[in-house]
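S.K.: Right, I'll just put the structure down here and ask away after.
All of the numbers you see were taken from the coordinates with simple rules; none came from a lab. Not measured: the values here are computed from a predicted model. Because the Cβ atoms are built from the backbone with ideal geometry, glycine has one as well, and the counts that use them run over all protein chains shown.
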Amino acid sequence: MVRHYKRKTISKYSEADIQKALEAIRNENLKPCDVACDRNIPLSTLYARLAGKHGHAKRGGHTIFSTEEEEFLVHTVEIFEKWQLPLLRKSLIDIARSYMLELGKKISRTAPLLDWFSGFMTRHPELKVTQSMKLEKVRSVSCNPQAIQGWFKNLHDVLVKYKLLDRPNAIFNVDECGFLDDPGRLCVIVKRSTKYPIASHSGTGKNLTTVLVCSSANGKILPPYIIFQGAHLWSSWISKNCFPGTRFNASLSGWVEEQIFFDWLRYHFIPYVKDIPKPVLLILDGHNAHISTRISKIAIEYGIELLCLPPHSTTLLQPLDVVTLTKVKTAWRLLLNKHNTQTNSKPIDKKRFSYLVS
């Protein structure tokens, strides 16, 4: 398929000319061949219109997305830019490919889609490809007072727009936290002559399990969402004594991926907030895993307003990271130390982890 299609002939008549010709045939009882010759319109075109064919179809080949579906992609691009996370060409192509597969389009999972991207940008002149600032520049300005004040102004505008200032039960923050099986270095008491104090423990420091933690502004915490590392989730990993409502999943990386976050949003978060008047605000990090076309669609469908924190500033602005998870990790290290003492440093398997973290 050529990237830039060039029309072989240019019509010398407009849609208005065709409509006038059709009116002449119908109202003045003129022969189509006479009208075609007089108005310089192909006879086949007039016969096709009289038969109700072709109508107002746009020129050129059919696009894989409908107009509405492409407008939704444009909306997704604008969301990323609004959050100061502009998409790379590859990122947009990946999102488009996932959207095609989601809609059941016949497309290869490995198709480069470069021609589609070129056509998409041509069809939407409101978008452009430009160079972003260097990462060093971004880091230097992302946490300055002006950037932080700008984000809080945006937050205030959102709270006012959706009337959430006096509804802390409708404001949520979600963050992911990695739990190691190693309690780390602890302060211990030994003889003064001891140079290298050694403390045995159950972990290797390499086994990391991710937990999605979500809390509302009025202090309510959702049950944990535990993500194990693995190709599949096995029932033997799940403890019967874990916290009520805990949900489990698995990914090859052990971290949050798009399908993991969609599952959390669809089957964990949305059921929890079903009785809360909408809209509901969800503040989150701007990971690529957190945004896709289906995540945007389901958020709109269920009245959830997504608000991303500024990039490279979560250590300052992420509420859960700054306060809650710092204390949780401290408590986790103490719990690991207690476990090692009581079990003679027995290794912590996934089933035991799901019980301990709850």
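S.K.: In whole angstrom, note down how far apart the Cα centers of segment 148-165 and segment 208-272 are.
M.R.: Centre-to-centre distance over Cα atoms comes out at 29 Å.
S.K.: I've got another one for you. Using Cβ counts within 10 Å as a stand-in for footprinting exposure, how do 232, 268, 75 rank, fewest first? Walk me through the intermediate numbers first.
M.R.: Details: 232 7, 268 20, 75 12.
Fewest-to-most ranking of 232, 268, 75: 232, 75, 268.
S.K.: Another question, if that's okay. Which far-off residues, 5 or more places away or on another chain, put their amide H under 5 Å from the one on residue 228, with H placed in the peptide plane?
M.R.: 249, 250, 251
S.K.: Please arrange 339, 124, 290, 62 by how many other C-beta atoms lie within 10 Å of their C-beta, fewest to most.
M.R.: Working: 339 19, 124 14, 290 22, 62 8.
Taking fewest neighbouring Cβ atoms as first place, the list is 62, 124, 339, 290.
S.K.: Could you run the Karplus curve 6.51 cos²θ - 1.76 cosθ + 1.60 with θ = phi - 60° over segment 298-310 and give me ³J(HN,Hα) per residue in whole Hz, x for Gly and Pro?
M.R.: Listing the rounded values in order: 6, 5, 5, 4, 9, x, 10, 8, 8, 10, 8, 6, x Hz.
S.K.: Determine ³J(HN,Hα), in whole Hz, for all residues of segment 171-176 in sequence, where each value follows from phi through the Karplus function 6.51 cos²θ - 1.76 cosθ + 1.60 and θ = phi - 60°; x replaces Gly and Pro.
M.R.: 10, 10, 10, 10, 8, 9
S.K.: Also: Based on the mean of other beta carbon atoms within 10 Å per residue, what is the order of 207-213, 217-223, most packed first?
M.R.: 207-213, 217-223
S.K.: Cα centroids of segment 90-115 and segment 295-310: how far apart, whole angstrom?
M.R.: 22
S.K.: If you don't mind, another one. In what sequence do 257, 68 fall when counting other Cβ within 10 Å, fewest first?
M.R.: In order of increasing Cβ crowding within 10 Å: 68, 257.
S.K.: Could you tally the net charge around residue 28, taking each other residue with its Cβ under 14 Å from the Cβ of residue 28, Lys/Arg +1 and Asp/Glu -1? Working shown, then result.
M.R.: On the way: positive: 20, 26, 31, 39; negative: 23, 34, 38.
After counting each charged neighbour, the total is +1.
S.K.: Could you sort 260-267, 280-287 so that the peptide with the highest average Cβ count within 10 Å comes first and the rest follow in order? Kindly include the intermediate steps, with their values, before the conclusion.
M.R.: Values: 260-267: 18.2, 280-287: 20.9.
Ranking the peptides 260-267, 280-287 by packing returns 280-287, 260-267.
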